[in-house]
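S.K.: Structure provided below as structure tokens; questions to follow.
The values are calculated or read from the model by the stated rules, or taken from the named source; none is laboratory data. Just so you know, these numbers come straight off a predicted model, no measurement behind them. In this analysis, Cβ positions are derived from the backbone assuming ideal geometry, glycine residues included, and neighbour counts consider all displayed protein chains.
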Amino acid sequence: MRVPLVVGNWKMHGTVAEARILAHAVRDGLKRPRGVEVAMCPPFTALAAVGEAIAGSPIALGAQNCHWEDKGAYTGEVSPAMLTELGCRLVLLGHSERRHVFRETDEEINRKVAAALRHGLRPILCVGETAEQRRQGLTFTVVEGQLRAGWAGLASAEIDRCSIAYEPVWAIGTGVNATAAQAAEVHGYLRGLVSELGSKDTAHSLRILYGGSVKADNAGSFTEEPDVDGVLVGGASLDAAGFVTIAKKCAAKGGAS
Ligand code: PEP
């Protein structure tokens, strides 16, 4: 059985002091989460403080991005080795804001995925279509292209250590979430692709998260879908009580009592 994964993407929110308060509140609200794995991805500047706040707890630390090189003349960038040194276990890659605002290409994202894996980080590759692409019936084509390109050249054992987040661009930060049925349809399609790109076993064990305007009151509808293995939460992860509720709703799927 796939244990649901709930990841908070804090985006560019929170001073170190604010991040500490939020991390402590989530940690205290999820002392012994059963049937769910939880991770928080604060801004780079708050990674160390959040890492300290959740040390010894089952909550994992993640980053929102990384560069593909280990070090060098890349002003403003952060390498995977720098993230693992701070205790990061996972990294979001190819988030739609990185793709659309910062013009990251599939090729760059692919290099980042490979670099993250080389350093023992678990990459969560984000894929998703725009409203216009969905209107044109291109949803499957777009997510397939992003997945194939993002994982290009990976060995099956490397794909085993990956996760995917299906995040329709039109649902991110808009308050307009996909329906559970829309998410389930795309997740099913992605799982079929994982079977082809990795193996049947990998497709069975790999987690595919849904992201896009997930809140405490709609999280349960997604995780009721057999192919939705947790959620990636942006705005709602900045509210500790709401995020804890989301994690508990997903835990119900993971067999928590
Ligand atoms: C995200 O940033 O990955 C996200 C899903 O944002 P929101 O939950 O705010 O839509």
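S.K.: Please state which one of Arg27, Arg20 is at pLDDT 95 or above, surrounded by 20 or more Cβ atoms within 10 Å (Cβ to Cβ) and touching a helix residue (DSSP H, G or I) at 6+ places or on another chain (Cβ under 8 Å). First the steps, then the outcome.
M.R.: Working: Arg20 fails: surrounded by 20 or more Cβ atoms within 10 Å (Cβ to Cβ).
Only one candidate qualifies: Arg27.
S.K.: (1) touching a residue at least 40 places away in the same chain (Cβ under 8 Å); (2) polar (S, T, N, Q); (3) more than 16 Å from the ligand (Cβ to nearest atom): which one isn't true of Ser163, the others all being true?
M.R.: Just one mismatch for Ser163, condition (3).
S.K.: Which condition from (1) surrounded by 15 or more Cβ atoms within 10 Å (Cβ to Cβ); (2) among the charged types (D, E, K, R); (3) in contact (Cβ under 8 Å) with a residue 12 or more places away in the chain is the one that Glu104 breaks?
M.R.: Single failed check for Glu104: (3).
S.K.: Mind counting the residues in segment 69-92 that are within 15 Å of Ile109 (Cβ to Cβ), surrounded by fewer than 20 Cβ atoms within 10 Å (Cβ to Cβ) and touching a residue at least 12 places away in the same chain (Cβ under 8 Å)?
M.R.: Number of matching residues: 1.
S.K.: Does segment 204-217 include one or more residues that are of a type outside the set (Phe, Trp, Tyr), more than 12 Å from Pro4 (Cβ to Cβ), buried (at least 17 other Cβ atoms within 10 Å of the Cβ) and more than 16 Å from the ligand (Cβ to nearest atom)?
M.R.: yes
S.K.: Determine whether Gln182 is within 16 Å of the ligand (Cβ to nearest atom) and more than 23 Å from Gly62 (Cβ to Cβ).
M.R.: yes
S.K.: Restricting the search to segment 109-131, which residues are touching a helix residue (DSSP H, G or I) at 6+ places or on another chain (Cβ under 9 Å) and in a helix (DSSP H, G or I)?
M.R.: Passing the criteria: Ile109, Asn110, Lys112, Val113, Ala114, Ala115, Ala116, Leu117, Arg118, Ala131.
S.K.: Can you find even one residue in segment 144-154 that is more than 14 Å from the ligand (Cβ to nearest atom), farther than 21 Å from Gly188 by Cβ and buried (at least 17 other Cβ atoms within 10 Å of the Cβ)? Break it down into steps so the answer makes sense when it comes.
M.R.: First, the residues of segment 144-154 that are more than 14 Å from the ligand (Cβ to nearest atom): 144-154.
Those still in the list that are farther than 21 Å from Gly188 by Cβ too: 152-154.
With the extra rule that they be buried (at least 17 other Cβ atoms within 10 Å of the Cβ), the set shrinks to 154.
So far as segment 144-154 goes, yes, one or more of its residues are more than 14 Å from the ligand (Cβ to nearest atom), farther than 21 Å from Gly188 by Cβ and buried (at least 17 other Cβ atoms within 10 Å of the Cβ).
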